[in-house]
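Comments concern the structure below.
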Amino acid sequence: MSVKKKNLIAAIVNTVIVIATAFCLVTFFTKGGNGNMKSFGFVMFRYFTVDSNVFCALSSLCLLPCEYAAALNGKTRLPKWAQIFKLMGTVTVTLTMLVVIVFLLPMTGDFSGMYGGVNFYLHLAGPIMAVYSFCFLENDNMLDKAKGVIPVVPILIYGIVYFVMVIVIGPERGGWPDFYMFNMGGRWYIAVGAIAAVSLLISMGEFALNQRRFKNVRKS
């Protein structure tokens, strides 16, 4: 695939990610959420699903100018910082997608709730587009292996906030309900360990796919 074509496809995918995420946010303000995210307005930002998709959309937006420029001249390279930012966004939405598939859907059995309405994009379509664009199209730079750990940081930050709001404060004192069911039986520590391990595996895996593609492109 030529450099121009690669960047054009990446730019189109990222444009869709930005527009679709914006549409989902507007929907929360006009119709409200559904499934495990039945909320209205700014309350939506307590959900990792929403936060991760917004984070990913911002990282996609940062890449757009360079990708459209490269689609025109075939020479513009993606900034390393923007590529790392996209890795962070991609890892967060990948975690969202996997938690729904592996945990929330089997626990609730609520397929329409998990994938109905805007949740289809937030839980599945958006993450798939992000993984495709980052792992197979946005590979202009050789990145240090240590960068593969960086995406875990925003996930840990959200985890700390979730722990404080759900476990420390609790819904009876103005905190959040355990809408992700991570504290079933008081075993929140199992969820913490599992999420941390899975997040690291996702990050290193997507980092490796991106860098493998970078090496293949350089050889061609």
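Some values worked out for this structure:
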read-out	value
Pairs with Cβ under 6 Å, 6+ apart, first in segment 49-70 and under 22 Å from Tyr162 (Cα atoms), second crowded, with 20+ Cβ neighbours inside 10 Å and not β-branched (Val, Ile, Thr)	Thr49/Leu122; Val50/Met44; Asn53/Leu122; Asn53/Gly126; Phe55/Gly89; Cys56/Gly89; Cys56/Ala130
Criterion (touching a residue at least 24 places away in the same chain (Cβ under 8 Å), of a type in the set (Phe, Trp, Tyr), open to solvent by less than 30 Å² (accessible area, probe 1.4 Å) and out of contact with any helix residue (DSSP H, G or I) (no Cβ under 7 Å at 6 or more places or on another chain)) met by exactly one of Tyr121, Tyr162	Tyr162
When residues of segment 58-93 are limited to those that are open to solvent by 10 Å² or more (accessible area, probe 1.4 Å) and among the hydroxyl-bearing types (Ser, Thr, Tyr), the one modelled with the highest pLDDT	Tyr68
Residue within segment 143-152 that is of a type in the set (Asp, Glu) and touching a residue at least 24 places away in the same chain (Cβ under 8 Å) present	no
Tally, over segment 94-103, of residues that are of a type outside the set (S, T, N, Q) and open to solvent by less than 10 Å² (accessible area, probe 1.4 Å)	2
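The values are calculated or read from the model by the stated rules, or taken from the named source; none is laboratory data. If you're wondering where the values come from, they're calculated on a predicted model, not measured in any experiment. Cβ sites come from the backbone with ideal geometry, for glycine too, and all protein chains shown count toward neighbours. Just so you know, the surface numbers come from the protein's heavy atoms only, side chains and all, with ligands and any DNA or RNA stripped out. Shrake-Rupley method; radii C 1.70, N 1.55, O 1.52, S 1.80 Å.
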